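Down below is the structure, laid out as structure tokens.
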Amino acid sequence: MSATALAPRALYEEVAERLRQRIFQRELEAGSWIDELKIAEELGISRTPLREALKVLAAEGLVTMKVRRGAYVTEVSEKDLSDVYHLLALLESDAAGVVAQRASDTQLAGLQALHAELEAASDDRDRFFAINEQFHMQLLEIADNRWRDQMVADLRKVMKLNRHHSLFKTGRISESLAEHRAIVQALVQRDAALAAQRMREHFRSGLEAAV
């Protein structure tokens, strides 16, 4: 066993998470072939749990399995991104409307605090990205619909294949912050229709920056 060998507990899930993070961090580039022998050796595992992990990632859309050629990191087309952002806009705008109507003052204060952290992270893209995702996940948690949460989680994994690139576009972070301010303002005003509208606009702008 190597120094980086994994514990036997839920081994294929641990492997899937390791690979997932490599993909998100661009250690495994979009379109690249996944060398099963090399990765199995690096992790000190057999190819069986690795192949099970690749099936998990394929179900999430992060990996594409090609007949007689093996596994490749998924390349996201413009249509893929458009479809993903369209669905996220529908799901998260609905959640924003629910939060505006039902959230407690304490829950809204929590979202405001997260937004303040986001404002403070504008010079650190990685931190900005992490807090941005945390804000959206917190909003979904408050809206409290586990089926929507599951769909959004899967869609966001695909979005992450491209999301960092959009933040490098000139002015996108400041635009995203302004959009978040508008969303928070609508939530605090408890204007469900406006909160939903501003969330839809946020995803529309995100898609324009991502493609």
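Counting only DSSP H runs of at least 4 residues, each contributing -39500 (n - 2.57), and dividing by the residue count of the chain, the helix-based mean residue ellipticity at 222 nm comes to -24500 deg cm²/dmol. Think of the chain as having a plus end and a minus end, set by charges on the Cβ of Lys, Arg, Asp and Glu; of PHE135, GLY206, ALA196, GLY206 sits farthest toward the positive end of this dipole.
As a rough guide to protection, the peptides 178-188, 149-159, 88-98 ranked by mean Cβ packing within 10 Å, highest first, stand as 88-98, 178-188, 149-159.
With a Förster radius of 22 Å applied to the beta-carbon distance between GLN112 and SER174, the computed FRET efficiency rounds to 0.70. Taking each residue as 0.36 nm, the span from HIS86 to ALA10 lengthens on full extension beyond its C-alpha to C-alpha distance by 24.0 nm. Take the Cβ-Cβ distance between ARG22 and ASP191 as r, set R0 to 41 Å, and report the resulting FRET efficiency rounded to the nearest 0.05. For ARG22 and ASP191, the calculated efficiency is 0.45.
Volume per residue of the convex hull around the Cα atoms, evaluated for the chain, comes out as 134 Å³. Between SER104 and ARG47, the simple spin-label model (points 7 angstrom out along Cα→Cβ) gives 5.4 nm.
Tell me the relative contact order for the range 58-149 as a rounded percent, counting alpha carbon contacts under 8 Å between residues six or more apart. Relative contact order for the range 58-149 comes out at 25 percent.
Any read-out appearing in this document is the output of simple, stated calculations on the displayed coordinates, not a laboratory observation. These figures come from a predicted structure and were not determined experimentally. In this analysis, Cβ positions are derived from the backbone assuming ideal geometry, glycine residues included, and neighbour counts consider all displayed protein chains.
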